[in-house]
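Quick notes on the structure that follows.
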Amino acid sequence: MRQELYPTLDYADFPSVVIPLDSTAGIITHVHPQHQLTWAPDGVLTTEVGECRWVVQRARALWVPGGTPHSLVPAASCEMVSLYFEPDQCPLEWREPTVVDASGLMGPLLTYLAGLPDESSDRRTRGNAVLWDLMAPMPVTMIPVVLPTDPGARRVALALKQNPADGRSLDAWARELSVSSRTLSRRFRSETGTSFERWRALERLNAALPLLAAGQPISRVARTVGYTTASSFITAFRREIGTTPAVFSGGSGSELGSAIGQ
């Protein structure tokens, strides 16, 4: 879809906004000319940018360059804090969405800047100068999960996105579509670059990320996304990501952004 088809918002007169959100009301895909730094001091936000899904919470914020189409989906009721910067007044040259460490002094500074009156230009300028010094990108691990385009395979993929715990086998899905399991397997591999089984495993990990970021117990997350035991979930998580769910939910080690087809 061409970018001009997305709604365009202009925050030139609103350098910061604080918006309460809940799981029934996210923010649809839109663009704005300003750069955006989004943070969720309490709760978890999923920000979708193109084929990438980024988890935003207290320990990390997300930098979205101006002109980038994106949407926001809260995992539950939370508050979204966003700061906006005119590109010609910003020293950063980050051209891609970037996860930023929001621990330490960053969190209180974001709260301070979000609470400034719009007309407090001098205080905001001084606060922004400190912000630029504190902005530190965090390493991310991408989880590629591309949606197939074939109608039958796409129907299966969308059903698994809706309910990653659905445990039906490839054979069962093939019977539902009235095709052979070999045909369905071939379509998944040719259009997503991976097997049906691995595609489902990666989608389950995608579904697990915001739950882990929200602090849910690992055993509950494992059951929610379709694993019968916590140990099998931990094994899959470590195999694909290179760390454990406990490290991720604790905010140490590699932080995660996950790629997912739209």
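The values are calculated or read from the model by the stated rules, or taken from the named source; none is laboratory data. All values reported here derive from a predicted model rather than from experimental measurement. Cβ atoms come from the backbone with ideal geometry, glycine included; neighbour counts cover every protein chain shown. Only protein heavy atoms, including side chains, enter the accessible area calculation; ligands, DNA and RNA are left aside. Shrake-Rupley method; radii C 1.70, N 1.55, O 1.52, S 1.80 Å.
Given the DSSP H assignment, sum -39500 (n - 2.57) over each helix run of at least 4 residues in the chain and divide by its residue total; what's the result at 222 nm in deg cm²/dmol, nearest 500? Provide the component values of the computation, followed by the final result.
Working: 9 runs with 99 residues, N = 262.
Here the helix-only value at 222 nm equals -11500 deg cm²/dmol.
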Query raised in the report: When DSSP assigns beta bridges and you keep just the ones with both residues in the chain, what percent turn out antiparallel, to the nearest 5?
Result: 90 percent
Report task. Identify which of the listed values of mean projected area of the Cα convex hull in nm² was calculated from the structure shown: (i) 13.4; (ii) 12.0; (iii) 14.3. Result -> (iii)
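When the chain is fully extended, how far beyond the present Cα-Cα distance does S180 get from R126, taking 0.36 nm per residue of separation? Present the calculation step by step, with values, prior to reporting the outcome.
Numbers: separation 54, 0.36 × 54 = 19.44 nm, distance 6.44 nm.
Roughly 13.0 nm would be gained on extension.
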**Report entry** Sequence ranges 233-240, 174-181, 197-204, ranked by mean other-Cβ count within 10 angstrom, highest first
**Finding:** 197-204, 233-240, 174-181
Requested in this report: For the chain, find the longest principal axis of its Cα atoms and tell me its angle to the long axis of helix 196-213, 0 to 90°, nearest 10.
Outcome: 30 degrees
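So for each of 214-221, 39-46, 71-78 I average, over its residues, the number of other beta carbons within 10 Å; can you give me the resulting order with the highest mean first? All intermediate terms of the calculation are to be shown ahead of the outcome.
On the way: 214-221: 16.0, 39-46: 21.5, 71-78: 18.4.
In descending order of packing, they fall as 39-46, 71-78, 214-221.
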Report summary line: Taking Cα atoms only, helix 121-134 is inclined relative to the longest principal axis of the chain by an angle, in degrees rounded to 10, of 50 degrees
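With a cut-off of at most 11 other beta carbons within 10 Å, and DSSP calling the residue loop, which GluC sites (Glu not before Pro) in the range 29-130 qualify? Please list them. Walk me through the numbers before you get to the answer.
Values: sites: E48, E51, E79, E93, E119; in loops: E51, E93, E119.
Listed in order of number, the matching sites are E93, E119.
Rank D13, D101 by accessible area, highest first, at a 1.4 Å probe radius? Intermediate results must be reported in sequence, preceding the final value.
Values: D13 120, D101 55 Å².
Largest accessible area first, the list is D13, D101.
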Query - Gain in span if fully extended, S232 to S169, counting 0.36 nm per residue against the direct Cα distance - result: 20.9 nm
Report task. Work out how much length R95 to A159 would gain on full extension: take 0.36 nm times their residue separation and subtract the Cα-Cα distance, in nm to one decimal. Result -> 19.7 nm
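If R₀ is 22 angstrom, what is the calculated FRET efficiency for the pair T149 and T194, using the beta carbon separation as r and rounding to 0.05? Walk me through the intermediate numbers first.
Numbers: r = 15 Å, r/R0 = 0.67.
Using R0 = 22 Å, I get an efficiency of 0.90.
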Report summary line: Taking Cα atoms, the helix 106-115 axis meets the longest principal axis of the chain at an angle in degrees (rounded to 10) of 60 degrees
Requested in this report: Report relative contact order for the chain in percent, whole number only (criteria: Cα-Cα under 8 Å, sequence separation at least 6).
Outcome: 20 percent
